[in-house]
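S.K.: Would you mind keeping the following structure in view while I ask a few things?
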Amino acid sequence: MADTPGGSARATERILVVDFGAQYAQLIARRVREANVFSEIVPHDLTAAEFAERAPTGIIFSGGPASVHVDGAPRIDPGVYDLGVPILGICYGAQLIAHQRGGTVGRNERGEYGRTDLTVADPGVLLADAGLGTHPVWMSHFDAITEAPAGATVTASSPDAPVAAFEAPDAGLYAVQFHPEVHHTPCGQDLLSRFVHDVCGCAGDWTMASVIDSSVDAIREQVGTGRAICGLSGGVDSAVAAALVHKAIGSQLTCVFVDTGLMRAGEGEQVVETFQKTQGIELIHVRAADRFFEKLAGVTDPEDKRKAIGELFIRIFEDASGGITDAKFLVQGTLYPDVIESGTKDAAKIKSHHNVGGLPDDMDFALVEPLRNLFKDEVRSVGSELGLPDEIVWRQPFPGPGLGVRIIGEVTPETTAILQAADLIVREEIREAGLEREIWQAFAVLPDIRSVGVMGDERTYARPVIIRAVTSEDAMTADWARLPHDLLEKMSSRIINEVDGVNRVAYDITSKPPGTIEWE
Ligand code: XMP
């Protein structure tokens, strides 16, 4: 997880966030970065020497579901405490420090969950901004520290956590039972900022401008005078990766854009406009809609469809890039969450995600992955900084197989045209309502059924369109968006009036789980 991949910059100050199995490790890493310090997530079973190799400026132990009293509960190599690097423990991480460094962790009668009042007795360094008195914090624990390690000062308590925070500056140990990384702890960001700046002494010069500068250097060093190619999908990640690599190596980069015909209305043109005309990037534009429709004729099974689209895409990409015989580097828009994901777990396969615009398995290239250390919101900031238009930087996630997985049943030029027209209306109305950045994804789905309706005096027998709009943090879970009724009404009447072949509109009120975001 903490390797130095091709083309991605290395920061000199770094906070390692040790993952004890909580869903919060990513959030902690993001909050540290919001304090302008680079952070990365590492597994808890690294040895002290492996920690030392990564040269951390500070270490944060995340929370986790275990109890320190249970056999097999995750521990940290005790040598980590002797590295001379400040450590902040959060929740389980705090209990682990107490347990391993001579304090006591008690088994409570009951846990403390949700909003809790924290009483600060001595602000120390971490609670200096909060100050003396009572502050709301978010708790989620059963066990509680009853005695801090020798030499530590107890700085705060709560009704069920007598040691809700302690500091032992001489030992470089800091601990909080509550979760500073969540928004429900209003003093949390200041606390994390105090830790990284005041305790660890980080300068806080990790900004998007510095990321761009150091990435450009790293890309130049990796690619030298070689030639690189990049598959553009129209999505944010490949777009920002391409723009960044172009800034570094200019005309040594060629982009390949395979237009599958399954993109949203206007997207293909926008890719060409932005990259070829505005950014001046050399672009091979393959118009392949006919080949995709031909391949998809009669295919209705969702997995067969995904496979067909993925395979044809790769073949066309190979043909197009095969012309650039001297290219040795392939640019990929891999993001940090993908790196964490593939490094930590084998998720059960729900759907085969073809990364259209991605890497054919058997191509012989060195990878350039300049976004490997970045979260999505950071990639967006880099994109804006590089001058990419908002429509690309703020583009919603879009599945590799495109509208193919939003047309239930056969994908044809006709069904695609219906869906593109309906989808454009959904997106226009979301933008008009000012909801674009609040909604994770909003789009239309075309099911393979017909229903009876009446328009004017005529009986109709036509297709429905389903509107899908979800809020989400990371697409792993999602909630159906509570769109205002008048907005839904406007979408509905526009779709029925403006899109031929549609006589009914439904709104999908399924969250994920049990639904997925896409329909196929
Ligand atoms: P689901 O439907 O699994 O989607 O809840 C989760 C997120 O992934 C996107 N998605 C894809 N992205 N290739 C991609 O790059 C794919 O094949 C693919 N399928 C779904 C989906 O839009 C949502 O954001």
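S.K.: Is it the case that region 465-473 has a residue that's exposed (fewer than 12 other Cβ atoms within 10 Å of the Cβ) and more than 16 Å from the ligand (Cβ to nearest atom)?
M.R.: Within region 465-473, not a single residue is exposed (fewer than 12 other Cβ atoms within 10 Å of the Cβ) and more than 16 Å from the ligand (Cβ to nearest atom).
S.K.: Which one is farthest from the ligand (Cβ to nearest atom), of the residues in region 474-520 that are touching a Pro at 6+ places or on another chain (Cβ under 8 Å) and among the small types (Gly, Ala, Ser)?
M.R.: Result: Ala506.
S.K.: Determine which member of the set Lys305, Lys328 is touching a helix residue (DSSP H, G or I) at 6+ places or on another chain (Cβ under 6 Å), of a type outside the set (S, T, N, Q) and at pLDDT 85 or above.
M.R.: On the way: Lys328 fails: touching a helix residue (DSSP H, G or I) at 6+ places or on another chain (Cβ under 6 Å).
Every option except Lys305 fails the conditions.
S.K.: Report, by residue number, each residue of region 415-434 that is within 25 Å of Glu473 (Cβ to Cβ) and within 16 Å of the ligand (Cβ to nearest atom).
M.R.: Passing the criteria: Asp423, Val426, Arg427, Ile430.
S.K.: Further question: Between a residue in region 469-481 that is aromatic (Phe, Trp, Tyr) and any residue that is away from the ligand (no atom under 12 Å from the Cβ), which pairs come within a Cβ distance under 6 Å, given they are 6 or more apart or on different chains?
M.R.: These pairs meet every condition: Trp480/Ile509.
S.K.: Does Arg287 count as basic (Lys, Arg) and closer than 12 Å to Gly234 by Cα? Steps first, please.
M.R.: Values: basic (Lys, Arg): yes; closer than 12 Å to Gly234 by Cα: no.
Against the criterion (basic (Lys, Arg) and closer than 12 Å to Gly234 by Cα), Arg287 does not qualify.
S.K.: Right, another one. Taking Arg437 and the conditions (1) open to solvent by 30 Å² or more (accessible area, probe 1.4 Å); (2) basic (Lys, Arg); (3) away from the ligand (no atom under 16 Å from the Cβ), which numbered condition does it fall short on, given that it satisfies the others?
M.R.: Every listed condition holds for Arg437 apart from (3).
S.K.: For region 90-154, which strands (runs of 3 or more DSSP E) that fit wholly inside it have 3 or more residues that are in contact with a strand residue (DSSP E or B) (Cβ under 8 Å, 6 or more places away or on another chain) and farther than 29 Å from Val80 by Cα? I'd like the intermediate steps shown before the answer.
M.R.: Details: elements: 104-106, 112-120, 133-141, 144-147.
Output list reads 112-120, 133-141.
S.K.: Please verify whether Ala218 is under 24 Å from the mean Cα position of the chain (by Cα), crowded, with 17+ Cβ neighbours inside 10 Å and in the same structural domain as Glu273 (by TED's automatic domain parsing), treating the condition exactly as stated. Give the steps one after another, and end with the answer.
M.R.: On the way: under 24 Å from the mean Cα position of the chain (by Cα): yes; crowded, with 17+ Cβ neighbours inside 10 Å: yes; in the same structural domain as Glu273 (by TED's automatic domain parsing): yes.
So Ala218 fits the description; yes.
S.K.: Of the residues that sit in region 174-188 and are modelled with pLDDT of 95 or more and open to solvent by 10 Å² or more (accessible area, probe 1.4 Å), which one is farthest from Glu147 (Cα to Cα)?
M.R.: Taking the candidates together, the pick is Pro186.
S.K.: Between Thr4, Thr12, Thr47, which is surrounded by fewer than 24 Cβ atoms within 10 Å (Cβ to Cβ) and modelled with pLDDT of 95 or more?
M.R.: Details: Thr4 fails: modelled with pLDDT of 95 or more; Thr12 fails: modelled with pLDDT of 95 or more.
Selected residue: Thr47, the only one of Thr4, Thr12, Thr47 that is surrounded by fewer than 24 Cβ atoms within 10 Å (Cβ to Cβ) and modelled with pLDDT of 95 or more.
S.K.: Here's something else I'd like to know. Ile407 fails exactly one of the following numbered conditions: (1) modelled with pLDDT of 75 or more; (2) surrounded by 15 or more Cβ atoms within 10 Å (Cβ to Cβ); (3) within 27 Å of Ser214 (Cα to Cα). What is the number of that condition?
M.R.: (3)
S.K.: What is the residue count in region 268-309 for residues that are assigned to a helix (DSSP H, G or I), within 28 Å of the chain's Cα centre (by Cα), within 25 Å of Gly250 (Cβ to Cβ) and not hydroxyl-bearing (Ser, Thr, Tyr)?
M.R.: Residues of region 268-309 assigned to a helix (DSSP H, G or I): 268-278, 289-296, 302-309.
Add one more test, that the residue is within 28 Å of the chain's Cα centre (by Cα), and what stays is 268-276, 278, 302-309.
In the following step, the residues that additionally are within 25 Å of Gly250 (Cβ to Cβ) were identified as 268-276, 278.
Still in the list and also not hydroxyl-bearing (Ser, Thr, Tyr): 268-273, 275-276.
The total comes to 8.
S.K.: Condition test on Val454, is it exposed (fewer than 13 other Cβ atoms within 10 Å of the Cβ), hydrophobic (A, V, I, L, M, F, W, C) and over 24 Å from Thr300 (Cβ atoms)? I'd like the intermediate steps shown before the answer.
M.R.: On the way: exposed (fewer than 13 other Cβ atoms within 10 Å of the Cβ): yes; hydrophobic (A, V, I, L, M, F, W, C): yes; over 24 Å from Thr300 (Cβ atoms): yes.
Taking the combined requirement at face value, the residue satisfies it.
The values are calculated or read from the model by the stated rules, or taken from the named source; none is laboratory data. None of the values given here were measured: they were computed from a predicted structure. Because the Cβ atoms are built from the backbone with ideal geometry, glycine has one as well, and the counts that use them run over all protein chains shown. Ligands, DNA and RNA are stripped out before the accessible areas are found, and what is left, the full protein with its side chains, is counted by its heavy atoms. Shrake-Rupley method; radii C 1.70, N 1.55, O 1.52, S 1.80 Å.
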